[in-house]
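Undergrad: Next up is a structure, given as structure tokens.
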Amino acid sequence: MADMLPLQAPTLAGAALPAISGPRAALLRNVALAVAGSLLLVLAAKIKVPFWPVPMTLQTLAVLALGAAYGSRLGAATVALYIAYGLAGLPVFTNTPPVAAGPLYLVGPTGGFLVGFVAAAAIAGWAAARDASLPRLIGGLVAAETVMMLLGFGWLAFGAQMAAGTTGVGFAKAFAYGVQPFIIGDLVKLALVACLARAGWSLLQRRG
């Protein structure tokens, strides 16, 4: 029975909502969490400050928080589910509307960042696992942010299909418009997620 205790769960979500009734209950819990998390990402995508070519939203905060709470696999799966909504044509992405959702959206300016969200959630989930040290938590969240930014930057610079018909905006513009304006804000979001993750585990530990 020891492995059924809430604090033995490796993730915050698992510890807060232990599925002690067997694999079916765990599956249902994870499906419900994935759907709820994907809807949170939709909401975060629509809260934005317009920038060109990449708008500022709350998605980075939501992605890191979901990864930290759900763990690597469920966190990444939740982000992938959100992206699947958009690929299916639902207007869940930041610029939809007026831009049409669908597979072609991923070849646009924000496609690299969307793919980076999946990797970031997975890394954040690893970083915030039960008993993770503070250096691992902070280092992992920084790594998650870095990977997401690198994927988004690289695609924006060299692969994105722009409205003008060009491919990519070049190294300098991709950094100036796709990375630099977001550094401070994303570091604040990263720090907030780290604080919330530590506070969440501390609260569960006191609850016992």
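Quick note: the coordinates plus some simple rules give every number you see, no bench work behind them. Because the structure is predicted, anything quoted here is derived from the model rather than measured. Cβ sites come from the backbone with ideal geometry, for glycine too, and all protein chains shown count toward neighbours.
Undergrad: What full-extension length gain, to one decimal in nm, is calculated for Leu134 and Val107 as 0.36 nm per residue of separation minus the Cα-Cα distance?
TA: Result for the pair: 6.0 nm of gain on full extension.
Undergrad: Calculate for the chain the 222 nm mean residue ellipticity that helices alone would give, adding -39,500 (n - 2.57) per DSSP H run of length 4 or more and normalising by residue count, nearest 500 deg cm²/dmol.
TA: It comes out at -21000 deg cm²/dmol, rounded to the nearest 500.
Undergrad: Something else about it: Largest first and to the nearest Å, give the Cα extent of the chain along each principal axis.
TA: That gives 61, 35, 23 Å along the principal axes, largest extent first.
Undergrad: State to the nearest 20 debye the size of the charge dipole of the chain about its Cα centre, where the only charges are +1 on K and R beta carbons and -1 on D and E beta carbons.
TA: Details: 12 positive and 4 negative charges, 70 e Å.
Using Cβ point charges on Lys, Arg, Asp and Glu, the chain gives about 340 debye.
Undergrad: Using modelled amide H (1.01 Å from N, peptide plane; none on Pro or chain starts), what sits under 5 Å from the amide H of Gln161, excluding residues fewer than 5 places away?
TA: Gly108, Gly168
Undergrad: A further question follows. At q = 0.14, 0.15, 0.29 Å⁻¹, what is the base-10 log of I(q)/I(0) for the range 154-196 according to the Debye formula with one equal point scatterer per Cα and no solvent? Please give it to two decimals.
TA: -0.44, -0.48, -0.89
Undergrad: When a footprinting reagent is the concern and you count Cβ atoms within 10 Å, what order do Phe158, Phe113 take, fewest first?
TA: Phe158, Phe113
Undergrad: To the nearest 10 degrees, how steep is helix 72-87 against the longest Cα principal axis of the chain, on a 0 to 90 scale?
TA: So the inclination is approximately 40 degrees.
Undergrad: Let me ask something else about it. Rounded to the nearest 10 degrees, what's the angle between the helix 59-70 long axis and the longest principal axis of the chain, both from Cα atoms, 0 to 90?
TA: 20
Undergrad: Using only Cα atoms, find the angle between the long axis of helix 111-127 and the longest principal axis of the chain, and express it within 0 to 90 degrees, rounded to the nearest 10.
TA: Helix 111-127 sits at roughly 20 degrees to that axis.
Undergrad: Find which of Asn95, Ala15, Gly108 sits farthest along the positive direction of the dipole of the chain, computed with +1 on the beta-carbon of Lys and Arg, -1 on that of Asp and Glu, about the Cα centre.
TA: Farthest along the dipole direction, towards plus: Ala15.
Undergrad: With a 10 Å Cβ neighbour count serving as the proxy for reagent exposure, in which order, fewest first, do Tyr82, Tyr105 appear?
TA: Arranged by neighbour count, lowest to highest, Tyr82, Tyr105 become Tyr105, Tyr82.
Undergrad: Let me ask another. Please give the length that would be gained between Leu203 and Ala25 if that part of the chain were fully extended, namely 0.36 nm times their separation in residues minus their C-alpha to C-alpha distance (nm, one decimal). Each step should come with its number before you reach the end.
TA: On the way: separation 178, 0.36 × 178 = 64.08 nm, distance 2.41 nm.
The span from Leu203 to Ala25 would gain 61.7 nm if fully extended.
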